[in-house]
Amino acid sequence: MSIESTTPRLDDLVVGAVVAEASFPLTRDSLVRYAGASGDFNPIHYRDDVAVSVGLPGVLAHGMFTMGLAVQPVVDWAGDPGRIVDYQVRFTRPVLVDPVAGAVVTVVAKVGAIDADAGIARIDLTVSFNEVTVLGKAQVRVRLAAAPLSDA
Amino acid sequence: MSVNPELQGRVFPPVASYLVGREKVREFSRAVFATNPINHDPEAARAAGYADVVAPPTFAVVVQEATLAQLLAEPDAGIDFSRVVHGDQRFSFSRPIVAGDLLTATLTVASVKSLGGHSMVTAESRVVDAAGAHVVTATSTLVVRGDE
């Protein structure tokens, strides 16, 4: 069994099929780590007093953090981060991260469409927190081979 | 103050180039739970055909950020940062970002629209490598809330 045989192939995909699922437990530490890694130090992502002063119910995860982790189950499924050719989301609801309990973000990735000519699969993400979706129109376009390399 | 509609179509000067460091890619990868060896291990990345570790898709926002700062600081833009909400985000890649890349981003305001007292500003940051070849376009739609 070759390594290539574990890489998904366009031919094998079925629209509507779930290709990946994951859940991500977040803590305030996760937010501080993302702030440092990304350079986004907006204090609404780590200070309750600042978050409340601007009318928020509490500290929120960075939208870009939620976007960044939500694509990872698709990367793991595709086997190579370089296969992601396009990724878009709409930020629809916040992820509130409790200082003690944290927050759990869940991701379900389904095949949305297959473009055989372009060699691209569109994977649609359902990204939820507390059982409501937090990202809208979350779509990942993944470049995949039609057949395994060993068949070529 | 409202968003200046004449921003639409404006092209900003390129921002200072960004040199993608291997440890920064690893740090960002850990932060977004990217565990693929191609994100962390240069040997695994080379085996997959890359010159060095590959950045997670949304790492492009780190390169884009300076262009958005440029937009928000534009004197006649009329964008009050305290009223800005990030509406949409998209990354369209010609190739992934790899450690060692020297990237330069240039922002164009694709559109300015009014919607029920709010403004929607769509900013496209085109990122090219040292050879001038396109790597990724990062597109953000910012919603600027109107006066209450």
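What the table shows:
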{"read-out": "Positive-pole candidate from B:66, B:13, B:55, dipole of the range B:1-99, charges at beta carbon", "value": "B:55"}
{"read-out": "Shielding score for B:37-50, defined as the mean number of other chain Cβ atoms within 10 Å", "value": "2"}
{"read-out": "Average other protein chain Cβ within 10 Å of Cβ, residues B:84-92", "value": "6"}
{"read-out": "Top positive-direction residue, dipole computed over the protein assembly as shown with Cβ charges, set A:133, B:117, A:82", "value": "B:117"}
{"read-out": "Qualifying lysines (Cα of each under 21 Å from Cα of residue A:137; at least 8 residues distant if same chain)", "value": "A:110, B:113"}
{"read-out": "Burial order of peptide ranges B:73-82, B:11-20 (average beta-carbon count within 10 Å, highest first)", "value": "B:11-20, B:73-82"}
{"read-out": "Computed magnitude of the charge dipole of chain A (debye, nearest 20; Cβ of K, R +1, Cβ of D, E -1)", "value": "340"}
{"read-out": "Charge-dipole axis of chain A as Lys and Arg at +1 and Asp and Glu at -1 on Cβ define it, positive-most pick from A:17, A:53, A:67", "value": "A:53"}
{"read-out": "Order of A:110, B:113 - criterion: other Cβ atoms within 10 Å of each residue's Cβ, fewest first", "value": "B:113, A:110"}
{"read-out": "Sorted largest first, extent of chain A alpha carbons per principal axis (Å)", "value": "60, 25, 23"}
{"read-out": "Neighbouring partner chain Cβ atoms per residue of A:72-78, average, 10 Å criterion", "value": "4"}
{"read-out": "Kirkwood hydrodynamic radius (C-alpha pairs) into Stokes-Einstein, chain B, 25 °C and 0.890 mPa s, D in µm²/s", "value": "151"}
{"read-out": "Karplus-derived HN-Hα couplings along the range B:82-91 (A = 6.51, B = -1.76, C = 1.60, θ = phi - 60°), whole Hz, x at Gly and Pro", "value": "5, 9, 8, 10, 6, x, 9, 9, 9, 10"}
{"read-out": "Nearest-20 debye value, the protein assembly as shown charge dipole, Cβ charges on Lys, Arg, Asp, Glu", "value": "120"}
{"read-out": "Computed magnitude of the charge dipole of the range B:1-141 (debye, nearest 20; Cβ of K, R +1, Cβ of D, E -1)", "value": "200"}
{"read-out": "The range A:51-152, relative contact order in percent, only Cα pairs under 8 angstrom and at least six apart counted", "value": "28"}
{"read-out": "Cα gyration tensor shape for the range A:49-132, rounded if a/c is under 1.5, else prolate or oblate", "value": "prolate"}
{"read-out": "Debye log10 I(q)/I(0) at q = 0.11, 0.14, 0.16 Å⁻¹ for the protein assembly as shown, Cα point scatterers", "value": "-0.68, -1.11, -1.41"}
{"read-out": "Filtered trypsin sites (Lys or Arg not before Pro), the range A:15-76: DSSP coil and at most 16 other beta carbons within 10 Å", "value": "A:47"}
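Coordinate-derived values only; no laboratory data. Computed from a prediction, not measured in an experiment: that's the story for all the values here. Counting neighbours? That spans all protein chains shown, and the Cβs are built from the backbone with ideal geometry, glycine included.
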